[in-house]
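First up is the structure itself, then whatever we jot down about it.
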Amino acid sequence: MLEAGKVPIYEPGLDQLMAKNVAAGRLTFSGDLKSAVQGADAVFIAVGTPTRRGDGHADLTFVFAAAEEIAGAIDGYTVVVTKSTVPLGTNRRVKQVILKANPDAEFDVASNPEFLREGAAIDDFMRPDRVIVGVQSERAAEVMQDVYRPLFLRDFPIVTTDLESAEMIKYAANAFLATKITFINEIAALCEKVGADVKQVSKGMGLDGRIGNKFLHAGPGYGGSCFPKDTSALARIGQELAVPMQITETVIKVNDEIKRRMIEKLRDLCEGSFNGKTIAILGVTFKPNTDDMRDAPSLTIVPALVGGGAKVRVVDPQGMREGEALLPGVNWMQDAYKAAQNADLLVILTEWNEFRALDLKKIAKKMARPRLADLRNIYSAKDAKRAGFEAYDAVGR
Ligand code: UDX
């Protein structure tokens, strides 16, 4: 697919960027590792590190297989860079794997964790808050500085550290962000009980420069390819080294509870039972502008509705390709208005732009029972009431 100029995932702008660089001769793809590695100054390992079934560990099989193959192809000083998210200590192991496979190889290893958000990956790459480079030698640091020179020249901070610190920065940053989201989600639950509005609370908290306003949006719990995997790997490492990551462990547990709390919200809106109800779900990917379904809250919420006897309709601009197999028993529909026809409940689960400016009046008229669960806090109780909804619920308000 890549050789034919096709991007196998949905990431806004990536197809054009790829086509432009292929046309300019700066980017080529090959299945032949040896020819790609020979003569390279730096080789990036960017293979998957999925959570291993059963024990929560990151599965490093692909990383070590890549390292071993690279070892055989190195012909002159090369920096082997790990871009994949790997547990602490993996880069040293990559070094051992290469040394064992090719004791004469002239190389260094480097850790260069990625902080790209899906859906905003290009912008995050072009305008990073920082680039982290973990190395063991001055020579490797120089090669990495060359690689990132265009960003360095534009004053983006390139932070050089030792290998272990670079590996740790990635886990610590993601666990911290997951904690921040989970913290506000927990505060949201309390806001509902005391009559506070979590949107106002987030704003008031976030204006404190020490806290910051980002990642304080309450919702149905975090998902995606990074936060669930990285928090679970960090918790495992902590347990193994007898330094339990108690905060992270709690975050994982609370995030699971938050997803389940959403199911109870929906059940309340359905007067205690999903049985026989028609429910329209808007958005099932873990966040907008991606087709990624990994650990999406929809994977917990939708099966509970189907299992409870509801007829579930799903609308998602990009989610169907992956979602079809993951969400059995649902009806995929083209747009929100069709999905709302004769429905008993409408649920906004992922905040795609096209769900941000719905004609609520038109939707309410079509529904059998106009009830709205706004799990991303896009609308307000006032909007819903004005549009003719008989019930509205959001998160933390
Ligand atoms: C994340 C990190 O942001 C990125 O730095 C890292 O490299 C990979 O993991 P990503 O998973 O693509 O990126 O998405 P992100 O935008 O961080 O959102 C993660 C999850 O948190 C989503 O489920 C999102 O809906 C949720 N979220 C995010 C909230 O619920 N509230 C927020 O305020 C922010």
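The Cα center of the stretch 232-280 and the Cα center of the stretch 114-129 differ in position by 27 Å. The stretch between residue 193 and residue 61 holds 42.8 nm of extra length on full extension. This uses 0.36 nm per residue minus the Cα-Cα distance. Neighbour counts of C-beta atoms inside 10 Å place 320, 1, 144, 245 in the sequence 1, 320, 245, 144, starting with the fewest.
Pick out the long, greasy-scoring helices in the chain: whole DSSP H runs spanning 24 Å or more along their own axis by Cα, mean Kyte-Doolittle at least -1.0.
Values: long enough: 163-194 (47 Å, 0.62); 246-269 (34 Å, -0.63).
What comes out of the filter, once short or polar helices are dropped, is 163-194, 246-269.
In this label model, residue 256 and residue 92 are separated by 3.2 nm, measuring between points 7 Å along each Cα→Cβ vector. The residues neighbouring residue 8, those whose beta-carbon lies less than 13 Å from its own, together hold a net charge of -4 under the Lys/Arg +1, Asp/Glu -1 convention. Local charge for residue 295 was computed over the other residues whose Cβ lies under 10 Å away, with Lys and Arg +1 and Asp and Glu -1, and equals +2. Rounded to the nearest 500, the 222 nm mean residue ellipticity of the chain from helices alone is -13500 deg cm²/dmol, with -39,500 (n - 2.57) taken per DSSP H run of at least 4 residues. Spherically averaged projected area of the convex hull of Cα atoms, the chain: 21.6 nm². A simple spin-label model places the labels of residue 331 and residue 247 4.7 nm from each other, with each point 7 Å out along Cα-to-Cβ. Using a Förster distance of 56 angstrom, determine the FRET efficiency expected from the C-beta separation of residue 152 and residue 324, and round it to 0.05. In this case the efficiency is close to 0.80. Of 282, 33, 17, the residue with the greatest mean-square motion in the GNM of the chain, using alpha carbon springs below 10 Å, is 17. Neighbour counting of Cβ atoms within 10 Å sorts the residues 10, 171, fewest neighbours leading, into 10, 171. Measuring against 29 Å, Cα to Cα, the residue pairs 203/385; 214/362; 311/365 contain 214/362 as the ones spanning a longer distance.
Around residue 46, under 9 Å between beta carbons, what's the net of Lys plus Arg minus Asp minus Glu among the other residues?
Working: positive: 83; negative: 114.
Result for the neighbourhood of residue 46: 0.
A straight chain from residue 383 to residue 164 at 0.36 nm per residue would run longer than the Cα-Cα distance by 73.8 nm. A straight Cα-to-Cα reach below 20 Å connects residue 83 with the lysines 34, 95, 170, 229, residues fewer than 8 places away in its own chain not being considered.
Values in this text are rule-based calculations from the coordinates and carry no lab data. The shown structure was predicted, so the numbers you read here are calculated from the model rather than taken from an experiment. Methodologically, a virtual Cβ is constructed for each residue, glycine included, from the backbone with ideal geometry; neighbour enumeration extends over all protein chains shown.
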